1. Quick one: order 25, 66 from most to least accessible surface, probe 1.4 Å.
2. Around residue 42, with a cut-off of 14 angstrom between Cβ atoms, what is the net charge of the other residues, counting Lys and Arg +1 and Asp and Glu -1?
3. Hey, any idea what % of the chain's accessible area is carbon plus sulfur with a 1.4 Å probe?
4. Provide 8, 83 ordered by accessible surface of protein heavy atoms (probe 1.4 Å), highest first.
5. Are there GluC sites (Glu not before Pro) in the chain that DSSP puts in a loop and that have at most 13 other Cβ atoms within 10 Å, and which ones?
6. Hey, what's the chain come to in accessible area per residue, 1.4 Å probe, Å²?
7. Can you list the trypsin sites (Lys or Arg not before Pro) in the stretch 15-53 that are in a DSSP coil and have 13 or fewer other beta carbons within 10 angstrom?
8. Would you work out the relative contact order for the stretch 11-70, in percent, from Cα pairs under 8 angstrom that are 6 or more residues apart?
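The values are calculated or read from the model by the stated rules, or taken from the named source; none is laboratory data. Fair warning: this is a prediction, and the values are worked out from it, not measured in the lab. Positions of Cβ are generated from backbone atoms using ideal geometry, with glycine treated the same way; all protein chains shown enter the neighbour counts. Areas reflect the complete protein model, heavy atoms only, side chains present, ligands, DNA and RNA absent. Shrake-Rupley method; radii C 1.70, N 1.55, O 1.52, S 1.80 Å.
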Amino acid sequence: MRGQADDLGGGVFKKRLNDNQHRSIVLAKGGKLWVFAFLYAKKDRANIDPDELAAFRKLAQAYARITTPELEQALDEGNLLELSDDH
């Protein structure tokens, strides 16, 4: 993470992107799965508000409970898009 992410608690991280021009809210699932949930330009907003953070924490909890078959189904149906650095 090279110091480019802030742990907002509850499985929610704010990651700096593109030479610090953009931000992403990332949700963690057991250290194996990272869900990019929200992207925004730093010039458009400085941060998310407390209500948004609470909602992202609830969403992170839901992703923490998702099973492998449920995840595979979401990918197959196009509800999630997998990004990989393997290719």
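1. Ranking 25, 66 by accessible area, largest first, yields 66, 25.
2. +3
3. For the chain, the apolar C and S fraction of the accessible surface comes to 50 percent.
4. Final ranking, largest accessible area leading: 83, 8.
5. 77, 82
6. 73
7. For trypsin sites (Lys or Arg not before Pro) across the stretch 15-53 that sit outside H, G, I, E and B with at most 13 neighbouring Cβ atoms in 10 Å, the list reads 32, 43, 45.
8. Normalised by residue count, the contact order of the stretch 11-70 is 31 percent.
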